[in-house]
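Have a look at this one before I ask anything.
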Amino acid sequence: MRGKVIDLSHPLSSDTLVFPGDPPPNIEKYASLAEDGYNATWLQMGSHLGTHIDAPYHMLQQAKSLDDFPLEKFMGEGICINCADSISISAEDIKEGIRNETFDFLLLYTAWEKHWKGRNYFSDFPVLETEAAELICSFDIQAVGIDAPSFDPVDGQLLNHKILLGKNILLIENLCNLHLLLNKKFQFFCLPLKFSKADGSPVRACAKLISEA
Ligand SMILES: [Zn+2]
């Protein structure tokens with residue numbers, strides 16, 4: 001592929017911090033060139049580790065899992081709007097950030113990524129107001145992404161998850177480098193692993209710039 005592709009995914013390791021209550025990952029070599037003649041790695045992780053997608057089945061029993069969607073669901077045109085000053089993202093914030101344009105993926109830049117390696121990453125992060133989630137449902141889009149751990153507070157009722165996933169709008173959490181996409185139009189990619197009844201999956205999210213929007 002010609003042109004620069006921007007990596008929007010955090011690196012994964014056994015030290016990667018997890019959402020409160022999730023199991024810690026274990027990523028370690030089980031074979032090495034020196035001892036076995038080849039390198040191979042044991043990967044043990046929750047389906048919502050690091051940069052990942054949530055499927056409707058994450059929240060709703062009779063709903064689609066990631067493996068139920070065609071691959072087109074995980075790629076398309078994106079825009080990224082600046083919510084960096086908002087600790088709770090309102091419908092107004094979203095309206096202000098969107099011009100007359102069509103897009104498949106809406107990414108919300110909050111700048112919360114700067115806390116990624118700190119314990120406070122998973123507390124007091126910016127979340128969506130319910131009206132903002134309802135507004136997003138009125139768009140004909142495939143997914144919404146954010147550079148924070150969740151669209152809902154840690155100990156809430158996960159209402160935004162249910163509203164958005166109930167409309168088959170996928171959620172992408174723990175993105176990074178979104179500042180590089182502000183005021184740009186881009187192709188966005190976030191292919192999940194293909195396992196049965198996938199409620200979520202780590203992804204290698206990335207973007208390829210199309211033009212200055
Ligand atoms: Zn998740």
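How large is the convex hull of the C-alpha atoms of the stretch 119-198 per residue, in Å³?
Cα-based convex hull of the stretch 119-198, divided per residue, equals 142 Å³.
What's the exposure ranking of 80, 176, going from fewest to most Cβ atoms within 10 Å?
Final ranking by Cβ density, sparse to dense: 176, 80.
Something else: Within a 10 angstrom radius of the beta carbon, how do 122, 74 rank from fewest other beta carbons to most?
122, 74
Taking 8 Å as the Cα distance limit and 6 or more residues as the minimum spacing, I'd like the relative contact order of the chain as a percentage.
31 percent.
Quick one: work out the % antiparallel among DSSP beta bridges in the chain, nearest 5.
About 65 percent, rounded to the nearest 5.
Also, I was wondering about something else. At q = 0.25, 0.28 Å⁻¹, what base-10 log of I(q)/I(0) does the Debye formula yield for the stretch 1-50 when every alpha carbon is treated as an equal point scatterer in vacuo?
Evaluating at q = 0.25, 0.28 Å⁻¹ gives log10 I(q)/I(0) of -0.89, -0.99.
Output ³J(HN,Hα) for the stretch 66-83: one whole-Hz value per residue in order, computed from phi by the Karplus curve 6.51 cos²θ - 1.76 cosθ + 1.60 with θ = phi - 60°, and x for Gly and Pro.
Per-residue couplings from phi come out as 4, 6, 7, 8, x, 4, 4, 5, 9, 8, x, 7, x, 10, 10, 10, 8, 10 Hz.
A further question follows. Considering all projection directions equally, how large on average is the shadow of the alpha-carbon convex hull of the chain, in square nanometres?
Reported value for the Cα convex hull: 13.0 nm².
Quick one: 2, 204, fewest Cβ neighbours within 10 Å first, how do they rank?
2, 204
Using θ = phi - 60° and the Karplus form 6.51 cos²θ - 1.76 cosθ + 1.60, what ³J(HN,Hα) does each residue of the stretch 7-14 get, whole Hz, x for Gly and Pro?
7, 10, 10, 6, x, 10, 7, 5
Relative to the Cα centre, what is the charge dipole magnitude of the chain, using +1 at the beta carbon of each Lys and Arg, -1 at the beta carbon of each Asp and Glu, and rounding to the nearest 20 debye?
Using only the charged Cβ atoms, the result is roughly 580 debye.
If Lys and Arg each add +1 and Asp and Glu each add -1, what is the summed charge of the other residues whose beta carbon sits under 14 Å from the beta carbon of residue 24?
-2
Something else about it: What's the extension gain from residue 31 to residue 209 if we count 0.36 nm per residue and subtract their Cα-Cα distance?
60.2 nm
Taken together, the values in this text are just the output of simple stated rules run on the coordinates, not laboratory data. Keep in mind the model is a prediction, meaning the values are calculated, not measured. All Cβ positions, even for glycine, are placed from backbone atoms using ideal geometry, and neighbour counts span all protein chains on display.
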